[in-house]
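The values are calculated or read from the model by the stated rules, or taken from the named source; none is laboratory data. Quick caveat: nothing in here was measured; it's all calculated off a predicted structure. For neighbour counting, all protein chains shown are included, and Cβ atoms are generated from backbone atoms with ideal geometry for every residue, glycine included.
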Amino acid sequence: DGGITQSPKYLFRKEGQNVTLSCEQNLNHDAMYWYRQDPGQGLRLIYYSQIVNDFQKGDIAEGYSVSREKKESFPLTVTSAQKNPTAFYLCASSLQDLGNQPQHFGDGTRLSIL
Amino acid sequence: AQSVSQHNHHVILSEAASLELGCNYSYGGTVNLFWYVQYPGQHLQLLLKYFSGDPLVKGIKGFEAEFIKSKFSFNLRKPSVQWSDTAEYFCASRGGGKLIFGQGTELSVKP
């Protein structure tokens, strides 16, 4: 079955540590996205990538970094500069980064601070 | 800047009650509108979408939504809810920029 796989499901970070969240898709989609979901705030865009080897900042990119070396992979690194990293992180993809293309979501990774 | 507002944070209904979840968006131009649902422990799924044409769109599981341009609204409706509709519902819009999500509405259906 085609879909988006995020791993791990739960992740714990120590203070001052960088952690990387994995996102893989086998839908052959060009565009991929990372969102952060906090209670009562909906989903906020962290980074997105319209095509391999290219990515842009979203609304809350500070303290995060991404790479897009392969079409199917879009890992997100939460750096020690992100002061409030505890959240639920969702990866999504769409065929192209166009307004009429619905996004498909992974199951998410819940990140907590130890 | 674009924004999406969902009026209710938490709605509690009994089975067979009718549902209407409010959604207002701020973009004044051509807009694409979506409702997503997140069932407990599952990933976000697309319920329905509006791009153009008939302003009344039908989605999966008996849901529908009506686009009212003059009111900048895209409310979600279902005539008779079931316990299995318990989930969080997100309205989203995309105008000239990125997809913008509302804050979400948590729906609890009592059996």
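Observations, loosely collected:
- Note on the range A:88-114: among residues that are aliphatic (A, V, I, L, M) and under 18 Å from A:TYR48 (Cα atoms), the one that is farthest from the other protein chains (Cβ to nearest Cβ) is A:LEU95.
- Residue in the range A:47-65 that is touching an Asp or Glu at 6+ places or on another chain (Cβ under 6 Å) and within 14 Å of chain B (Cβ to nearest Cβ) present: yes
- Identity of the residue in the range A:56-72, touching a residue at least 24 places away in the same chain (Cβ under 8 Å) and under 10 Å from the mean Cα position of the chain (by Cα), that ends up surrounded by the most Cβ atoms within 10 Å (Cβ to Cβ): A:VAL66
- Scanning the range A:9-23 for residues that are of a type outside the set (Lys, Arg) and touching a Lys or Arg at 6+ places or on another chain (Cβ under 9 Å) turns up A:TYR10, A:LEU11, A:VAL19.
- Hits in the range B:32-54 (condition: more than 8 Å from chain A (Cβ to nearest Cβ), aliphatic (A, V, I, L, M) and either assigned to a loop (DSSP other than H, G, I, E, B) or more than 19 Å from B:ILE68 (Cα to Cα) (or both)): B:VAL37
- Unique residue being part of a strand (DSSP E or B) and either over 10 Å from the mean Cα position of the chain (by Cα) or among the aliphatic types (A, V, I, L, M) (or both) when the list is B:PHE74, B:PHE67: B:PHE67
- For the range A:32-43, taking the residues that are at pLDDT below 95 and not polar (S, T, N, Q), the one that is surrounded by the fewest Cβ atoms within 10 Å (Cβ to Cβ) is identified as A:GLY40.
Per-residue answers, yes or no, for (1) closer than 21 Å to B:LEU107 by Cα; (2) crowded, with 20+ Cβ neighbours inside 10 Å:
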position: B:GLN2; (1), (2): no, no
position: B:GLU20; (1), (2): yes, no
position: B:CYS23; (1), (2): yes, yes
position: B:GLY28; (1), (2): no, no
position: B:LEU44; (1), (2): yes, yes
position: B:PHE51; (1), (2): no, no
position: B:ASP54; (1), (2): no, no
position: B:LYS61; (1), (2): yes, no
position: B:PHE74; (1), (2): yes, yes
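- Flag if B:SER84 is outside any helix (DSSP H, G or I) and surrounded by fewer than 18 Cβ atoms within 10 Å (Cβ to Cβ): no
- Checking the stated criteria, A:LEU90 turns out to be in contact with a Gly (Cβ under 6 Å, 6 or more places away or on another chain), crowded, with 20+ Cβ neighbours inside 10 Å and modelled with pLDDT of 95 or more.
- On inspection, B:GLU106 qualifies as within 14 Å of chain A (Cβ to nearest Cβ), in a strand (DSSP E or B), touching a strand residue (DSSP E or B) at 6+ places or on another chain (Cβ under 9 Å) and acidic (Asp, Glu).
- Here the strands (runs of 3 or more DSSP E) wholly within the range A:39-88 that include at least 1 residues being of a type outside the set (Phe, Trp, Tyr) and out of contact with any strand residue (DSSP E or B) (no Cβ under 7 Å at 6 or more places or on another chain) are A:42-51, A:54-57.
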